[in-house]
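Notes follow once the structure below has been shown.
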Amino acid sequence: MELSTQKLIHTFGALADLGQEIAGTGDFTEMVRTSMHLLLGTLALRRGAVVECTGDGPLKCVAVWGLGDQMFSGFEIEEAEKQAFLSGEATESLVQNTASANAFLNRHRDKLAAEGIELVFPMIVRGEVTGLILLGGKASGEEFSNDDFETIRAMVRHIGVGIHTHRLLEQVAQRAEENRRLYDELRAIYRDTVRAFAAAIDIKDKYTQGHSERVGKYSEIIAREMGWSEEEVEGIQIAGYLHDIGKLIVDRDIINAPYNIDAKLSSELNRHPSAGYEILAPINHPYADIPLMAKYHHERLDGRGYPDGLTDEQIPMGAKIVSLADSFDAMTTDRPYRRRRSFEDVVRDLRENSGKQFDGKVVAAFARAILKEVKGETKERRITKMLGKTYLEGEHVPTLLGDLISDLEEEVSRKGAKAQSF
Ligand SMILES: [Fe+2]
């Protein structure tokens, strides 16, 4: 094989390797270093460096071979010198060519010559000087041929594109990070606003202090136990906080009326889920279905709920969760006209009303979450904190919960089997 053919094949090989290196997603500095070694190896050069333009002034050394660090102190490029490279007045330059009008070379010639640099190539991508490639002479002492120049130009273009792409990716990552931070901030503001609303709702109802916040927390605990994603869990917590927001437009006297209110007052009070929906629907929530969860938190599986008298399948799962959390908090907190019910009594109510008022799957999930906490299997004791230390004490509590869970799960699987046989 002729020497020139061999060289051509070698050059092609090097270009292919370089392309692969640049397209790789690995470490950027390593990519530039390997690219430079390929360039030096292809032409058997003694030394070289890749320097990057980082705005105005100093050039940043990204890869270097066979040169001392002192070379790069005070090594900078001025805007006019970049423009000269861009306009083609000063393309690649032989350092020794003193006849050249390259202002950059004229300024740094002595330093470059002292370090054995013979060639300086600008990397120009999309009308921008991304950096320079400095190359020493051939190890053989031969002059550079025209073919050598062609090879170097091709490789310089490749490396320039690699650096440019890396910069773009960095900018994209930075913007994505900025967007993520802004989004997080917005979500935090949204959550704070929601909590403020929850507090406003609860202040209106003097008997149920902290009710909305507890419903939010119970809903979150149930949804997590049911295997919902973190995003969905956050959403249902918000829905819990806001479920009674419609009470803001119901007269304070009606909300705070004694237990037995007449039909007229009661229908006024029962407007609150629909009113809540009206308030929440126009808002662009970062979570799905929040207005519907508020609207349907008083629906029942047997169709005897309000506002629309929906039945089991028609009620969104989120609304079923909020409904249980809401009723559970109502049963386990004191009101001026009655004391809260014992846990035993509450479990009895949940058992009796599963399939009528509550969804058995939701009740079973809540019971599992309470049981886990009672058995000390959870990191925090969030439910206990809301119910008070002594409420879940007693040897009978785990048995009560265990029986409820197994009965409900049996019922759910029996129903599933029945549905499948149709
Ligand atoms: Fe309500």
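Among the criteria (1) within 16 Å of the ligand (Cβ to nearest atom); (2) in contact with a helix residue (DSSP H, G or I) (Cβ under 8 Å, 6 or more places away or on another chain), the one Gln237 does not fulfil is (1). Yes or no: Ile254 within 16 Å of the ligand (Cβ to nearest atom), within 30 Å of Tyr183 (Cβ to Cβ) and either open to solvent by 30 Å² or more (accessible area, probe 1.4 Å) or in contact (Cβ under 8 Å) with a residue 12 or more places away in the chain (or both)? The answer is no for Ile254.
Close contacts from the stretch 80-97, counting a first residue that is under 18 Å from Val125 (Cα atoms) and among the aliphatic types (A, V, I, L, M) and a second that is outside any helix (DSSP H, G or I) and at pLDDT below 70, with Cβ to Cβ under 8 Å and a gap of 6+ residues or different chains, come to Ala84/Ala90; Ala90/Ser100; Ala90/Ala101. Just wondering, is there one or more residues in the stretch 278-290 that are within 24 Å of Arg195 (Cα to Cα), part of a helix (DSSP H, G or I) and within 11 Å of the ligand (Cβ to nearest atom)? Within the stretch 278-290 (the criterion being within 24 Å of Arg195 (Cα to Cα), part of a helix (DSSP H, G or I) and within 11 Å of the ligand (Cβ to nearest atom)), the answer is no, since none of the residues qualifies.
In summary, Tyr190 fulfils each of the numbered conditions (1) open to solvent by 60 Å² or more (accessible area, probe 1.4 Å); (2) not assigned by TED's automatic domain parsing to the domain that holds Thr34 with the single exception of condition (1). Report yes if His272 is within 11 Å of the ligand (Cβ to nearest atom), modelled with pLDDT of 95 or more and of a type outside the set (Phe, Trp, Tyr), otherwise no. It is false that His272 is within 11 Å of the ligand (Cβ to nearest atom), modelled with pLDDT of 95 or more and of a type outside the set (Phe, Trp, Tyr). For the stretch 359-367, the condition holds for at least one residue, the condition being that it is in a helix (DSSP H, G or I) and over 16 Å from Tyr218 (Cβ atoms).
Residue-level check: of (1) more than 16 Å from the ligand (Cβ to nearest atom); (2) part of a helix (DSSP H, G or I); (3) not basic (Lys, Arg), Leu301 misses just (2). The single condition among (1) more than 16 Å from the ligand (Cβ to nearest atom); (2) open to solvent by less than 40 Å² (accessible area, probe 1.4 Å); (3) over 17 Å from Arg214 (Cβ atoms) that Ile370 does not satisfy is (3).
Within the stretch 107-124, one or more residues are at positive phi and either open to solvent by 60 Å² or more (accessible area, probe 1.4 Å) or touching a Gly at 6+ places or on another chain (Cβ under 8 Å) (or both).
The values are calculated or read from the model by the stated rules, or taken from the named source; none is laboratory data. These numbers were taken from a predicted model, which means no experiment stands behind them. Positions of Cβ are backbone-derived with ideal geometry, glycine not excepted, and every protein chain shown enters the neighbour counts. With ligands, DNA and RNA removed, areas are computed over all heavy atoms of the protein, side chains included. Shrake-Rupley method; radii C 1.70, N 1.55, O 1.52, S 1.80 Å.
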